[in-house]
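First the structure, in the form of structure tokens, and then the observations on it.
Read the figures in this text as sums done on the coordinates, not as results from a lab. Remember, it's a predicted structure, so these values are computed and weren't measured experimentally. Backbone-built Cβ (ideal geometry, glycine too); neighbour counts: all protein chains shown.
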Amino acid sequence: MRKPIISRRDVLKASGALAASSTFATRVMAAAPPASAVTPALIEGAKKEGKAIWYTSVDLPLAEKVARAFETKYPGVAVRVERTGAERVFQRIGQEYASRIHAVDVVNSSDAAHLIVWKRDGILAPYVTEDMAKHYPPEHKDPDGQFASFRVFLCPVGYNTNLVKKEDAPKSFADLLDPKWIGKIVKAHPSYSGTILTATYQMSRDIGWSYFEKLAKQKIMQVQSASDPPKKLALGERAIMADGIEYGMFQLKETGRPVELVYPTEGTPLIIGPNAVFKNAPNPNAARLLQSYMFSVECQQLIVDAGGMRSAHALVKEKPGRTPLKDIKLMKDDAAAVEKQSEAIKARYTQIFKV
């Protein structure tokens with residue numbers, strides 16, 4: 001992550017429940033604009049532009065499902081998905097804007113603090129969709145209307161059911177330190193993944209860096225993206241997943257792959273992924289149309305049902321068979337602290353794991 005322009009210490013605070021999971025407590029710069037409806041003029045303008053560019057850290061299969069669903073609803077407007085890890089998304093936009101390149105229309109990051117920097121840099125456009133105004137709680141939207149929670153998800157532990165019996169599976173982070181798991185664990189990296197950066201902060205705060213020092217002795221398979229550990233698990237390349245995306249585990253499990261989730265007794269890291277439209281979006285009408293769609297009950301139910309996400313939209317229902325969020329002990333998100341400590345977190349992690 002590049003050096004932030006301002007501190008986020010007093011910017012973003014959170015509690016451990018979905019109803020109050022990410023408080024966008026930014027300094028109010030101006031009143032949020034009124035909600036914008038999807039009008040024939042907006043649709044026509046988007047069709048003339050012909051495309052929208054979405055930079056995102058959402059796992060590619062789900063990102064593509066969202067894009068294709070949008071294109072089906074609005075023929076003639078294509079979505080180009082530019083997917084990479086959240087920290088890479090942040091770096092890329094920083095580099096592009098430093099060079100006065102305006103290539104991105106809409107962004108999503110699994111590091112909620114990125115949106116605060118972009119807002120304070122003055123590069124986001126205020127835009128409130130009708131669904132945001134009617135169906136999203138205040139703690140899930142910026143008071144100036146510049147971003148809102150597109151997705152909410154967790155970063156749990158997991159195991160391969162062909163390689164580990166249920167009774168032998170870990171139930172806590174501490175259980176991963178058992179010598180029997182040496183050489184059998186896969187884990188993602190906070191320098192690449194915003195999800196893992198956030199999870200690493202929450203875990204180091206709640207259970208201490210000494211946990212990671214002990215975990216490093218377990219001969220971990222180190223991967224980059226938070227979407228990689230579930231895939232390694234499903235392939236049987238490792239028996240245990242130390243961290244990774246909950247929604248990736250849902251997708252694999254519900255298609256018959258031999259994986260199972262574990263919500264650690266110490267608490268499971270909570271991740272908030274906001275969306276925003278850029279002020280200098282090259283396709284402004286398509287950008288707003290895409291943003292409106294992404295916050296609709298239609299798209300939010302899609303990312304829950306097909307993508308395994310959680311949603312802050314009041315009308316969206318959790319999919320049967322999944323553990324309800326209210327029944328899971330959650331760690332508290334604190335993007336302000338993540339931003340303040342991000343470089344130190346990455347440096348210490350790299351030193352501990354020697355990667």
(request) Determine Rg/Rh for the range 158-273; Rg is computed over alpha-carbon atoms and Rh is the Kirkwood hydrodynamic estimate from the same atoms. (result) 0.92
(request) Enumerate the calculated ³J(HN,Hα) couplings along the range 167-184 in order (Karplus 6.51 cos²θ - 1.76 cosθ + 1.60, θ = phi - 60°), each rounded to whole Hz, writing x wherever the residue is Gly or Pro. (result) 5, 9, 5, x, 10, 8, 5, 4, 5, 5, 8, 4, x, 5, 9, 4, x, 10
(message) Using the alpha carbons of the range 97-191, what is the convex hull volume per residue in cubic angstrom, as a whole number?
(response) 196
(message) Restricted to Cα positions, what overall size does the range 262-327 have along the principal axes? Three whole-Å values, descending.
(response) 46, 24, 18
(request) Rounded, prolate or oblate: pick one for the range 29-126, where a ≥ b ≥ c are the square roots of the eigenvalues of its C-alpha gyration tensor, a/c under 1.5 means rounded, and failing that, prolate if a/b is larger than b/c, else oblate. (result) oblate
(request) Indicate the gyration tensor shape class of the range 211-311 (rounded, prolate or oblate), computed on the Cα atoms with a ≥ b ≥ c the square roots of the eigenvalues: a/c under 1.5 is rounded; otherwise a/b larger than b/c is prolate and the rest oblate. (result) prolate
(message) Distances longer than 29 Å among the Cα atoms of the chain: what percent of all pairs is that?
(response) 36
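Consider all pairwise Cα distances in the range 93-148 and report the whole-number % of them above 15 Å.
Working: 786 of 1540 pairs.
Summing the P(r) of the range 93-148 above 15 Å gives 51 percent of all pairs.
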(request) Taking just the C-alpha trace of the range 228-282, give me its Rg and Dmax in Å. (result) 15.3, 46
(message) As an exercise, identify the trypsin sites (Lys or Arg not before Pro) in the range 185-291 lying in DSSP coil whose Cβ has no more than 13 other Cβ atoms within 10 Å.
(response) LYS219
(request) May I ask you to derive the relative contact order of the range 60-183, considering only C-alpha pairs under 8 Å and at least 6 residues apart, and to give it as an integer percent? (result) 13
(request) Answer with one residue from GLN91, VAL117, ALA336: the one whose Cα lies farthest towards the positive end of the charge dipole of the chain, charges on Cβ with Lys, Arg +1 and Asp, Glu -1. (result) GLN91
(message) For the range 109-181 and the range 38-78, what is the centre-to-centre distance using only Cα atoms, to the nearest Å?
(response) 23
